[in-house]
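In what follows, a single structure is set out as structure tokens and then discussed.
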Amino acid sequence: MKIAVIGAGISGLAAGRELVKAGHEVVVFEKSGGYGGRLATRYAGKGNEQKLDHGVPYFTATSDEFKELVAELTSKGILSTWSGTFVHRNESGEISEVTPDSEYYFAKEGMNSIGKYIGRNLDIRLNEKVGGLTHIGENRRKKKSWMLNFPTALTESADAVVISAPARQAYALLNTTIDEIETLKMVREIDEVEYESQFTLLTGYSGVQMPDWNALECDDDIIEWISNESTKRESGKNTLVIHTTSEFAKMNMNSDRQKVEDLIADRLITILGGWAGLPEWQQLHFWRYSRVKNPLPHDFMEIRGNDTPLALVGGYINGNTVESAYLSGLKLGKHWAEQFAD
């Protein structure tokens with residue numbers, strides 16, 4: 001079968017990897033210029049030589065399936081344990097050390113290297129936005145069940161479709177199908193999914209003494225988490241990534257970006273001191289779909305039937321973590337590998 005995967009986040013890549021192992025042809029369409037979703041790395045600073053994780057700063061592993069992936073990535077030299085000191089700042093400004101409940105993992109060459117590894121055997125087409133889907137169905141004259149439509153007026157056919165985009169984008173794609181009865185339950189359910197947004201401010205410094213902690217969690221109305229990228233890799237020397245609260249992002253998502261940067265910088269000075277307000281460079285990024293607030297209680301969702309194979313996977317299904325997103329894609333991939341076995 002030819003299977004189209006829409007979205008190159010970790011869930012889509014996990015599903016694609018399993019389906020390729022089972023002998024299927026898989027094509028991944030990603031609207032952006034990179035893959036991995038929020039497992040993202042920005043190249044910044046002079047000459048873009050510094051790597052900063054401006055999405056997910058770390059993740060943990062609890063399930064056997066995800067621990068197996070962590071072990072694989074560690075053996076390949078991709079993952080490492082983020083060992084060191086983690087601290088917490090309360091509303092009064094008091095700092096205390098915290099002990100994580102489990103190991104924190106990060107990718108030494110940047111979080112985006114995880115997606116690159118998982119998708120290394122897949123046909124991934126970047127900067128390809130799927131604008132809609134047409135279900136050909138059982139009365140089709142053409143061989144494939146689905147037609148993917150692109151803004152360029154080009155099309156691509158597939159026997160099955162996996163949508164691994166955020167719920168809002170999956171909703172929009174499902175609403176373009178003519179198969180209204182089959183997709184109605186899906187549409188109604190994912191319409192209830194809500195997301196938190198977030199800003200991240202990347203900053204680089206010169207000639208300063210960086211904090212000796214890996215990360216600082218804050219009880220604050222603007223800044224939620226400060227990641228000291230200097231503790232991850234040499235290419236992140238003298239850099240911080242500041243993650244805002246979802247409330248701040250919601251209030252300022254339509255504000256002038258310079259104003260947003262200034263508000264974050266002013267609060268950063270309050271938390272860390274005057275030096276933190278004098279970066280050599282800084283960059284702002286907005287995550288519209290940062291974390292899902294009410295994940296759906298499924299491993300994946302699918303339309304059953306050989307003439308309408310379509311499934312939803314992603315970080316909004318059965319959790320809101322890197323692990324839950326991976327498991328969503330993995331379980332769908334294994335399920336379809338068995339269901340569509342020759």
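Taking the 0 to 90 degree range and rounding to the nearest ten, how far is the long axis of helix 322-339 tilted relative to the main principal axis of the chain, both from C-alpha atoms?
20
With a cap of 15 neighbouring Cβ atoms within 10 Å, and only residues DSSP puts in a loop, list the GluC sites (Glu not before Pro) found in segment 254-342.
Filter output for segment 254-342: E280.
If one computes the Cα centroid of segment 43-111 and of segment 21-42, what distance in Å separates the two points?
Segment 43-111 and segment 21-42 have Cα centres separated by 21 Å.
Counting heavy atoms of the protein chains only and a 1.4 Å probe, report the per residue accessible area for the chain as a whole number of Å².
46
Let me spell out the model: positive unit charges on the Cβ of Lys and Arg, negative unit charges on the Cβ of Asp and Glu, origin at the Cα centre of segment 258-342. What dipole size does that give, in debye rounded to 20?
With Lys and Arg at +1 and Asp and Glu at -1, about 260 debye.
Based on Cβ point charges of +1 for Lys and Arg and -1 for Asp and Glu, what charge dipole magnitude is obtained for the chain about its Cα centre, in debye rounded to the nearest 20?
1320
Only Lys, Arg, Asp and Glu count, each charged at its Cβ (+1, +1, -1, -1), so figure out the dipole size of segment 1-54 about its Cα centre, rounded to 20 debye.
It comes to approximately 100 debye.
Give K21/K293; K144/K185; K129/K237 a once-over and call out the pairs whose C-alpha atoms are over 28 Å from each other.
K21/K293; K129/K237
Would you mind listing how long segment 190-268 runs along its three principal axes, going by Cα atoms, in whole Å with the largest first?
46, 28, 23
Of I118, S206, Y289, which is farthest towards the positive pole of the chain's charge dipole, taken about the Cα centre with +1 and -1 on the beta-carbons of Lys, Arg and Asp, Glu respectively?
I118
Between R304 and M251, what is the label-point separation in nm under the 7 Å Cα-to-beta-carbon projection?
The two pseudo-label positions are separated by 4.9 nm.
For the chain, what D do you get in µm² per second when you plug the Kirkwood radius from alpha-carbon pairs into Stokes-Einstein at 37 °C and 0.692 mPa s?
It comes out at roughly 155 µm²/s.
Output the peptides 2-11, 246-255, 201-210 sorted from most to least packed, where packing is the average of other Cβ atoms within 10 Å over each peptide's residues.
Ranked from most to least packed, the peptides come out as 2-11, 201-210, 246-255.
Along the positive direction of the dipole of the chain (beta-carbon charges: Lys, Arg +1; Asp, Glu -1; about the Cα centre), which of G77, V130, N48 reaches farthest?
My answer, from the dipole projection, is V130.
According to the Cα gyration tensor, what semi-axes, each the square root of 5 times an eigenvalue, does the equivalent ellipsoid of segment 113-240 have, listed from largest to smallest in whole Å?
Working through the eigenvalues yields semi-axes of 43, 20, 12 Å.
Mind checking which lysines have their Cα closer than 26 Å to the Cα of K259? Skip sequence neighbours fewer than 8 apart in that chain.
K46, K51, K250
Taking the convex hull of the Cα atoms, report for segment 78-125 its projected area averaged over all directions, in nm².
If I average the Cα hull's projected area over directions, I get 5.5 nm².
Using θ = phi - 60° and the Karplus curve 6.51 cos²θ - 1.76 cosθ + 1.60, what whole-Hz ³J(HN,Hα) does each residue of segment 155-161 get, with Gly and Pro shown as x?
Values per residue, Gly and Pro as x: 9, 8, 9, 7, 7, 8, 10 Hz.
Probe radius 1.4 Å, ligands and nucleic acids ignored: give me the carbon and sulfur share of the accessible area of the chain as a rounded percent.
45
The values are calculated or read from the model by the stated rules, or taken from the named source; none is laboratory data. These numbers come from a predicted model, not from an experiment. Glycine gets a Cβ as well: all are built from the backbone with ideal geometry, and neighbour counts include every protein chain shown. Side chains included, ligands, DNA and RNA excluded: accessible areas come from the protein's heavy atoms. Shrake-Rupley method; radii C 1.70, N 1.55, O 1.52, S 1.80 Å.
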